[in-house]
Structures are given as C-alpha cells and as structure tokens.
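Working notes, structure below.
The values are calculated or read from the model by the stated rules, or taken from the named source; none is laboratory data. Remember, it's a predicted structure, so these values are computed and weren't measured experimentally. Every residue, glycine among them, receives a Cβ derived from its backbone with ideal geometry; neighbour counts consider all protein chains shown.
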Amino acid sequence: MTAMSAKTADSELISRIEQFYYREARLLDERRFQQWFALVDESIEYSIPTRYVPQPDFQKQDTEEFLSVDSELERAQGGRGAPLRHDGYLETFARTIRPFKRNAWAESPPPRTRRFIANVEVEPLAGGEYRAYSNFQMFYSHNGAENVTYTGSRRDILKDGEGQLRICRREVIIDWDIISGPTMALIF
Amino acid sequence: MNGLQAAGSQVAFDEASLLAPDYSYVSREVFNSEALYRLEQQRIFERNWLYVAHESQLGKPGDFVASYMGEVPVIVAKGSDGKVAVSVNSCPHRGLRVCRVDQGNAARFICPYHTWAFKPTGELVGIPQAQKLGESVDRERLSLKRVPRVASVFGLIFASLDPDIEPLDTYLGDQKFYMEAFFDRFPGGLEVVGPPHKWQIKCNWKLPVENMLGDIGHAAFLHGSLVPPDSPSNVEIEQHGITVVPSPGHAAAIRYLPSDSSPAERGAHNPSAPPELIEYMVEVERTVAERLSPEQARIKGMALGIYPNLSLLWGQFTLRVSHPRAPGLIEYWSWWLTPVEAPDHIRQMLRTGYTVGFGPAGIIEQEDSYAWSQQFLGSDIRYLNDRPYYYGLGMGEESPHPELPGVSGRCYNEHYARSFYQRWRADMFNGAQS
Ligand code: FES
Ligand SMILES: [Fe+2]
C-alpha cells in the first residue's frame with residue numbers, strides 16, 4: 001500500500017466527498033440509475049478484480065508484502081488479465097439502462113438494496129482530481145427471503161469539474177473469493 | 001432395474017416414474033432428491049471423464065491448479081518430467097487439504113497438521129515424525145491418492161476416477177468434430193487467462209449443463225431485454241440454429257450457415273462489437289475452410305456441452321464447469337479463453353464481450369442463474385411430483401444431419417436435453433451394482 005500523500009485533504013473537502021458518496025448511494029438504492037450515471041465521467045474505468053488465493057511467495061515472509069491484498073487480485077493488465085468486470089462508459093451505461101425493462105427478468109421485480117459507505121479517505125491529486133478510498137456494505141434482498149450482504153472497498157479517482165464531482169475510476173475490491181451473492185452485476 | 005435402492009438411503013426410486021420412456025417428461029425429483037444426488041456422485045462423477053484444467057495453466061514443472069471432480073478436491077500439477085498428474089487433495093494422515101490455495105507454482109505442499117510434505121504431483125516426500133522415530137514408511141501408500149486416468153485433447157485436460165473408463169478419444173467420439181471447430185479455429189490456439197470466476201448458484205448442477213447443451217431458443221425470451229425476438233441475431237438463430245447430438249450427453253448448439261455464406265457473415269458473432277474486433281474475427285474465418293474443413297467453416301457456434309458438466313460459450317469465449325455441491329447448490333467456475341495470438345486490444349474487446357454479459361458480473365448470465373435457481377425452487381414442490389417437467393418440444397423432428405456428425409434438431413427442439421437424460425439414466429440405473 002502506498003504511504004499517505006504529503007498533501008492532506010481539509011475537512012471541508014472530505015465532507016464534500018462524503019456527501020457525494022451518500023448521494024450516490026441514495027440514488028442507487030432508490031433505483032435512480034440514470035441520475036447516478038450522470039455522475040460518471042466519460043473516461044470511466046469501472047473494474048472489479050477477481051479475488052483468488054494465490055500460492056504465497058515464501059521469499060517475502062516476515063514482510064508486509066507477504067500478505068498483500070494486491071497479490072490476491074487479478075486485474076485487467078491490458079488484455080492479459082481476467083477481472084470479473086472491466087467496464088468503460090458504454091458498458092456502464094448498459095448496466096444502468098437494463099433494469100428498467102419489464103423483461104429484465106432477474107431484476108424485475110427489482111431487488112431491495114441498502115448501501116452504507118464508510119472509512120472515507122481523501123488524497124488530493126493534481127488537476128482537480130482526488131483519490132478516495134472507501135468501504136461499502138450493501139444489503140441486498142430479493143425474492144422474499146433471499147438476503148445477502150455484499151462488503152468490500154472502493155478505490156476511486158474523482159474529478160472536479162464545473163462544481164460537480166464525477167467518477168473517473170472505480171475499483172471495487174470484493175471480500176469474496178467465491179461469489180456468494182446472486183450477482184455481481186450491481187453498482188457498488 | 002425398477003425400484004432401485006439408492007446407496008445409503010431408504011428411498012427407493014421407481015426409475016419409470018422419474019423419466020418417461022421417450023424422455024418427454026422428467027420428474028422434478030431428478031433435480032431435488034438428496035438420494036439421487038448422492039447416487040450421481042458415484043455413478044456419474046466417479047465414472048466419467050471430467051474437465052480439470054487447461055494446458056495453458058500448467059506451463060512449467062511445479063505449476064498447479066486446485067480443482068474438483070464432482071465434490072472430490074483434486075490438485076492438477078505438472079511434474080518434473082513434464083507430465084500432468086492429478087491427485088486427491090486430502091492428506092493420507094488425517095485428511096486435511098495439503099494444497100490450500102487456488103493456483104501457482106510450488107516445490108512442495110506442506111500439510112498444516114503434522115507437516116507431512118508432498119510434491120505437487122502427490123508423492124510423499126517426508127514424514128518428520130517417522131524420521132524422529134527412525135521408522136521407514138510405505139511411500140507409495142502414503143502419497144496422495146492418484147487419479148487413475150488423465151488425458152488431454154485440444155489443450156483441455158480431462159481426468160477420470162474410473163481406472164477402467166474407455167479412452168477419452170472414444171468417450172468424446174464425434175463430439176471432437178465440434179470441439180475442433182472451436183478450439184482449433186484460431187491459428188496459434190487458445191489459452192485460459194487468469195484464475196476462474198467462481199460463484200455459488202442455488203440450483204441443480206444439471207440446469208446450466210442443459211442450458212448450454214442446446215437451449216439456443218431461450219435467448220430471445222429470458223434475455224429479451226438484451227436480445228429482442230426480432231433482432232437480427234435472433235432471426236439468424238431461428239433460421240440457421242440447430243443442436244447436434246453426436247452421442248447422448250454431448251451436444252453442439254450452432255448456426256450452420258449456407259455454403260455460400262461469407263467470412264463476414266460467419267465472423268460477426270456480435271454485430272454491435274467494435275469494428276476492429278469484427279474485422280479480426282472475419283479474418284480468422286477466411287482460412288478456416290482450408291485449415292479445418294468446409295463444413296466446420298460454416299459452423300457459427302453458440303455453445304458446446306461435454307458430458308457430464310463442461311460447457312463452452314463459443315462467441316463469448318468462456319469455458320465453464322458446474323461443480324455439484326448439493327441438490328440445490330453448485331459452485332460454478334467460468335474461465336475466460338482467448339486466442340493466444342490475438343493482439344492486446346483485441347483481447348480486451350473479447351474480454352469485454354465475456355464479462356459484460358457473462359460470468360458472475362454478467363447482465364445476461366444474471367438472468368440464467370436467476371432462472372436456474374427458480375427452477376430448483378419449483379422442483380422442490382413435493383405436491384407436484386405427479387407433474388413432471390415437459391421436455392417434449394420438437395419430439396421426432398430430429399434426424400441424422402446430412403453433412404454433420406450426429407442427430408440434428410432445429411431451434412426449439414429439446415432433443416439435446418432428452419438425450420442428456422437418456423445418458424443420465426443409463427449411468428444411474430443400467431448395469432448398476434446394487
Ligand atoms: S493430517 Fe496431514 S500431516 Fe497429519
Ligand atoms: Fe442464457
């Protein structure tokens with residue numbers, strides 16, 4: 001993990017980003033996916049690495065590297081990796097528009113979701129961009145008694161433009177190696 | 001044999017009430033019965049060839065992947081002799097798993113409990129306590145149990161727990177014609193990328209298998225929000241789509257395009273794909289007729305199923321295995337396959353084609369897994385045991401294909417599923433030692 005940037009965010013900025021996340025979560029829980037999509041920058045890279053259990057590198061014993069979460073993540077690596085999901089703007093759009101179709105059978109009637117966003121950390125970057133870390137917990141209830149809790153963290157790059165924050169990059173680190181909820185085709 | 005007693009259970013099955021003689025009806029119990037599920041583990045998963053890994057995952061000696069054969073955990077590893085060995089992942093001392101990770105390269109596996117050491121290919125290397133006691137041990141007997149049969153075809157590694165099983169070649173028979181049409185289509189071959197995408201689905205293991213054996217007609221219905229019935233791709237499926245069964249249990253769901261169809265028609269699997277990707281696919285099509293055969297060139301595939309639980313989605317480049325866990329639970333493993341020689345930007349586009357629609361985060365497959373788990377809930381309604389599921393669509397329409405190996409039925413004919421259950425019945429109830 002990288003050390004905290006020398007630049008620290010003031011509380012006003014942190015609060016602004018937290019408010020952005022709460023609003024985002026509310027829009028998604030209220031199924032206002034198109035309003036949520038307006039918060040997405042056209043350059044979006046929305047990815048969910050595959051989480052797996054690799055053979056540990058014994059050379060790294062007794063160092064933090066030995067237990068690094070990053071070593072458990074299969075990322076896109078150009079075209080050399082197999083993440084669960086690696087979407088651009090168009091794919092993100094497809095995911096937000098589909099649930100509104102009457103014959104989107106898996107989501108019609110829709111699941112009930114409740115997102116909780118916490119552990120927000122903000123690092124200002126150059127050019128009006130921010131790196132932000134957060135944790136999420138999403139309660140998902142569907143088909144009567146199907147109740148699941150998704151948990152994970154998010155590593156975002158947010159961009160400030162015309163007084164509006166937008167998501168440029170989101171990486172979702174899920175806590176499951178074997179996905180135990182009905183679908184990962186949700187917005188985290 | 002009627003009224004067969006399932007091993008270790010008090011339930012007696014009347015075979016005749018499970019399946020209609022022509023397989024036009026299949027009982028709900030075939031999916032939800034615990035006793036049948038237990039019997040399947042012995043009579044299907046211990047007696048057939050099962051897919052365990054892809055050769056591209058085992059490049060050098062010491063490379064290994066953890067896999068399953070039914071419920072049996074196995075390690076598939078490349079030995080120092082370059083040969084692939086499959087052994088059961090359970091310590092001969094007290095049964096712990098000795099390989100506790102998904103994949104990698106290792107010199108040894110060390111069992112946590114008393115640290116007996118094993119090669120990735122299963123041979124016992126040492127027992128620390130025996131050394132201290134000055135005892136010698138029967139290394140052969142105390143190695144991991146070796147899976148008796150391993151064989152590869154088209155880069156796919158299969159294994160069988162049955163030492164007397166027929167050779168893989170005979171087992172696949174004419175299905176190899178359809179496998180070749182996909183796995184040898186791309187010059188340079190295909191490779192599996194990364195670890196599999198794994199998820200639990202609350203369904204019976206046979207449902208995903210059945211779906212990818214030949215349920216080519218469901219797309220416009222279940223996936224109607226994404227593939228509307230009047231879309232050009234669905235019109236093409238209704239016009240040219242067939243399912244071919246070379247032998248019961250295996251099947252290929254394909255579009256068999258006219259002999260004068262162009263490489264452009266054959267290569268455009270997803271008309272809304274980026275132009276560079278379509279161009280790449282079309283370029284591949286230009287040489288298929290010479291490299292394979294004119295008939296294989298006309299195949300625009302959709303899915304392949306290899307009995308009992310391996311499936312391939314052709315246009316989405318994904319290979320998958322339905323691992324049974326309980327009558328109503330599977331662990332579904334899905335790998336992204338890609339042409340070895342495809343340039344990086346093409347690989348990225350192919351991956352998008354897979355992950356947006358399929359795998360645990362796919363918006364198409366989310367509907368399949370929904371349907372499969374709902375089917376299990378329906379199968380669990382005991383009151384409806386007198387109302388078996390209807391599998392009779394298209395009955396009798398199927399016939400030997402004039403140009404391709406196997407019996408062919410048009411889109412919506414469910415003969416591929418009827419022949420799957422024919423094979424299933426033979427495995428479960430014929431020649432069974434009671
Ligand atoms: S259980 Fe494996 S060493 Fe004892
Ligand atoms: Fe489907």
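Kindly list, by first and then second residue, each pair from a residue in the range B:57-70 that is at positive phi to a residue that is in a loop (DSSP other than H, G, I, E, B), limited to pairs with Cβ atoms under 8 Å and residues at least 6 apart or on different chains.
Listed pairs, sorted by first residue: B:GLY62/B:SER80; B:GLY62/B:ALA106; B:GLY62/B:ALA107; B:GLY62/B:PRO120; B:GLY70/B:ILE44; B:GLY70/B:PHE45; B:GLY70/B:GLU46.
Whether any residue in the range B:376-384 is surrounded by fewer than 20 Cβ atoms within 10 Å (Cβ to Cβ) and either at the interface with chain A (Cβ under 9 Å from one of its Cβ atoms) or within 17 Å of B:GLY224 (Cβ to Cβ) (or both) is what I want to check.
Yes, that holds for at least one residue.
Does B:SER80 qualify as being in a strand (DSSP E or B) and either without any contact (Cβ under 8 Å) to a residue 12 or more places away in the chain or out of contact with any His (no Cβ under 6 Å at 6 or more places or on another chain) (or both)?
Details: in a strand (DSSP E or B): no; either without any contact (Cβ under 8 Å) to a residue 12 or more places away in the chain or out of contact with any His (no Cβ under 6 Å at 6 or more places or on another chain) (or both): yes.
So B:SER80 fails the test.
Has the range B:310-331 got at least one residue that is in a loop (DSSP other than H, G, I, E, B) and of a type in the set (D, E, K, R)? Give the steps one after another, and end with the answer.
Quick first cut of the range B:310-331, residues in a loop (DSSP other than H, G, I, E, B) only: B:314-317, B:327-328.
Among the residues that remain, those that are also of a type in the set (D, E, K, R) are: none.
No: the range B:310-331 contains no residue that is in a loop (DSSP other than H, G, I, E, B) and of a type in the set (D, E, K, R).
Within 11 Å of chain B (Cβ to nearest Cβ), in a strand (DSSP E or B), in contact with a Ser or Thr (Cβ under 8 Å, 6 or more places away or on another chain) and in contact (Cβ under 8 Å) with a residue 24 or more places away in the chain - does that describe any residue in the range A:68-83?
Restricting attention to the range A:68-83, the residues satisfying the condition of being within 11 Å of chain B (Cβ to nearest Cβ) are A:71-83.
Okay, now just the ones that are also in a strand (DSSP E or B), so A:73-74.
Filter once more, keeping what is in contact with a Ser or Thr (Cβ under 8 Å, 6 or more places away or on another chain): A:73-74.
Now drop any that are not in contact (Cβ under 8 Å) with a residue 24 or more places away in the chain, which leaves A:73-74.
Yes, the range A:68-83 has at least one match.
Search the range B:410-419 for residues being farther than 23 Å from B:PRO308 by Cβ and touching a helix residue (DSSP H, G or I) at 6+ places or on another chain (Cβ under 6 Å), and hand back the single one that is surrounded by the fewest Cβ atoms within 10 Å (Cβ to Cβ).
Quick first cut of the range B:410-419, residues farther than 23 Å from B:PRO308 by Cβ only: B:410-412.
Within this subset, residues satisfying the condition of being touching a helix residue (DSSP H, G or I) at 6+ places or on another chain (Cβ under 6 Å) are B:411-412.
Numbers: B:CYS411: 21, B:TYR412: 16.
Filtering first and then ranking leaves B:TYR412.
Inside the range A:94-188, counting only strands (runs of 3 or more DSSP E) that do not spill past its ends, which hold 1 or more residues that are closer than 30 Å to B:CYS203 by Cβ and in contact with a Pro (Cβ under 8 Å, 6 or more places away or on another chain)?
Working: elements: A:112-124, A:129-142, A:146-161, A:164-174.
Where strands (runs of 3 or more DSSP E) fall fully within the range A:94-188 and carry at least 1 residues being closer than 30 Å to B:CYS203 by Cβ and in contact with a Pro (Cβ under 8 Å, 6 or more places away or on another chain), they are A:129-142, A:146-161, A:164-174.
Name the residues in the range B:389-409 that are buried (at least 19 other Cβ atoms within 10 Å of the Cβ), out of contact with any Lys or Arg (no Cβ under 6 Å at 6 or more places or on another chain) and outside any strand (DSSP E or B), would you?
Listed by number, the residues that qualify are B:GLU398, B:LEU404, B:PRO405, B:GLY406.
Give the residue that is farthest from the other protein chains (Cβ to nearest Cβ), with candidates limited to residues of the range A:98-140 that are among the basic types (Lys, Arg) and under 16 Å from the mean Cα position of the chain (by Cα). Break it down into steps so the answer makes sense when it comes.
Here is the first cut: in the range A:98-140, the residues among the basic types (Lys, Arg) are A:98, A:101-102, A:112, A:114-115, A:131.
When the remaining residues are screened for being under 16 Å from the mean Cα position of the chain (by Cα), the result is A:114-115, A:131.
On the way: A:ARG114: 20, A:ARG115: 17, A:ARG131: 24 Å.
Restricting to residues being among the basic types (Lys, Arg) and under 16 Å from the mean Cα position of the chain (by Cα), the top hit is A:ARG131.
Looking for whichever is modelled with pLDDT of 95 or more and within 25 Å of B:GLY188 (Cβ to Cβ) here; the options are B:ALA35, B:ALA53. Which one fits? Please lay out each step first, then the result.
Numbers: B:ALA35 fails: within 25 Å of B:GLY188 (Cβ to Cβ).
Only one candidate passes the filter, namely B:ALA53.
Would you check which residues across the range B:177-197 are more than 14 Å from chain A (Cβ to nearest Cβ) and surrounded by 18 or more Cβ atoms within 10 Å (Cβ to Cβ) and list them? It would help to see each step written out before you state the result.
Filtering the range B:177-197 for residues more than 14 Å from chain A (Cβ to nearest Cβ) gives B:177-189.
The answer is B:PHE177, B:TYR178, B:MET179, B:ALA181, B:PHE182, B:PHE183, B:ARG185, B:PHE186.
Quick check: anything in the range B:191-204 more than 14 Å from the chain's Cα centre (by Cα), of a type in the set (A, V, I, L, M) and within 16 Å of ligand 2 (Cβ to nearest atom)?
Within the range B:191-204 (the criterion being more than 14 Å from the chain's Cα centre (by Cα), of a type in the set (A, V, I, L, M) and within 16 Å of ligand 2 (Cβ to nearest atom)), the answer is yes, since at least one residue qualifies.
From B:VAL284, B:VAL244, grab the single residue that is surrounded by fewer than 21 Cβ atoms within 10 Å (Cβ to Cβ), out of contact with any helix residue (DSSP H, G or I) (no Cβ under 6 Å at 6 or more places or on another chain), of a type in the set (A, V, I, L, M) and away from chain A (no Cβ under 14 Å).
Working: B:VAL244 fails: surrounded by fewer than 21 Cβ atoms within 10 Å (Cβ to Cβ).
B:VAL284 is the lone residue from the list that is surrounded by fewer than 21 Cβ atoms within 10 Å (Cβ to Cβ), out of contact with any helix residue (DSSP H, G or I) (no Cβ under 6 Å at 6 or more places or on another chain), of a type in the set (A, V, I, L, M) and away from chain A (no Cβ under 14 Å).
Report, ordered by the first and then the second residue, all pairs with beta carbons closer than 9 Å, sequence separation of six or more or different chains, a first member in the range B:202-222 that is closer than 21 Å to B:GLY406 by Cβ, and a second member that is of a type in the set (A, V, I, L, M) and within 16 Å of ligand 1 (Cβ to nearest atom).
Sorted first by the residue in the range B:202-222, then by its partner, the list stays empty.
Just give me the residues in the range B:95-123 being outside any loop (DSSP other than H, G, I, E, B) and more than 13 Å from ligand 1 (Cβ to nearest atom), in sequence order. Step through it out loud before you land on a result.
Quick first cut of the range B:95-123, residues outside any loop (DSSP other than H, G, I, E, B) only: B:103-105, B:109-110, B:117-118.
Scanning the range B:95-123 gives B:GLN103, B:GLY104, B:ASN105.
Run down B:PHE429, B:PHE420, B:PHE358 and say which single residue is among the aromatic types (Phe, Trp, Tyr) and within 14 Å of another protein chain (Cβ to nearest Cβ). Working first, answer last.
Working: B:PHE429 fails: within 14 Å of another protein chain (Cβ to nearest Cβ); B:PHE420 fails: within 14 Å of another protein chain (Cβ to nearest Cβ).
Unique residue meeting the criteria: B:PHE358.
Out of B:PRO92, B:PRO128, I need the residue that is surrounded by fewer than 23 Cβ atoms within 10 Å (Cβ to Cβ), free of Cβ contacts under 8 Å to residues at least 40 places away in the same chain and within 16 Å of ligand 1 (Cβ to nearest atom). Which one? Don't jump to the end; show me each part of the working.
Details: B:PRO92 fails: free of Cβ contacts under 8 Å to residues at least 40 places away in the same chain.
Just one listed residue meets the conditions, B:PRO128.
Do we find a residue being crowded, with 16+ Cβ neighbours inside 10 Å, more than 14 Å from chain A (Cβ to nearest Cβ) and touching a His at 6+ places or on another chain (Cβ under 7 Å) anywhere in the range B:318-337?
Among the residues of the range B:318-337, not one is crowded, with 16+ Cβ neighbours inside 10 Å, more than 14 Å from chain A (Cβ to nearest Cβ) and touching a His at 6+ places or on another chain (Cβ under 7 Å), which makes the answer no.
I need a count of the residues in the range A:108-149 that are modelled with pLDDT of 95 or more and at positive phi.
Number of matching residues: 1.
Taking B:VAL340 as meeting all but one of (1) among the β-branched types (Val, Ile, Thr); (2) surrounded by fewer than 21 Cβ atoms within 10 Å (Cβ to Cβ); (3) within 16 Å of ligand 2 (Cβ to nearest atom), write down the number of the exception.
It is condition (3) that B:VAL340 fails.
Can you spot a residue in the range B:94-108 that is within 30 Å of B:ASN385 (Cα to Cα) and touching a strand residue (DSSP E or B) at 6+ places or on another chain (Cβ under 9 Å)? Step through it out loud before you land on a result.
The first filter runs over the range B:94-108 and keeps only residues within 30 Å of B:ASN385 (Cα to Cα), leaving none.
No: zero hits.
A:TYR46 - would you say it is more than 9 Å from chain B (Cβ to nearest Cβ) and touching a Gly at 6+ places or on another chain (Cβ under 9 Å)?
Numbers: more than 9 Å from chain B (Cβ to nearest Cβ): yes; touching a Gly at 6+ places or on another chain (Cβ under 9 Å): yes.
Yes.
Out of the range B:104-116, which residues are at the interface with chain A (Cβ under 9 Å from one of its Cβ atoms) and on the phi < 0 side of the Ramachandran plot?
Start the filter on the range B:104-116 by keeping residues that are at the interface with chain A (Cβ under 9 Å from one of its Cβ atoms), which leaves B:104-106.
The answer is B:ASN105, B:ALA106.
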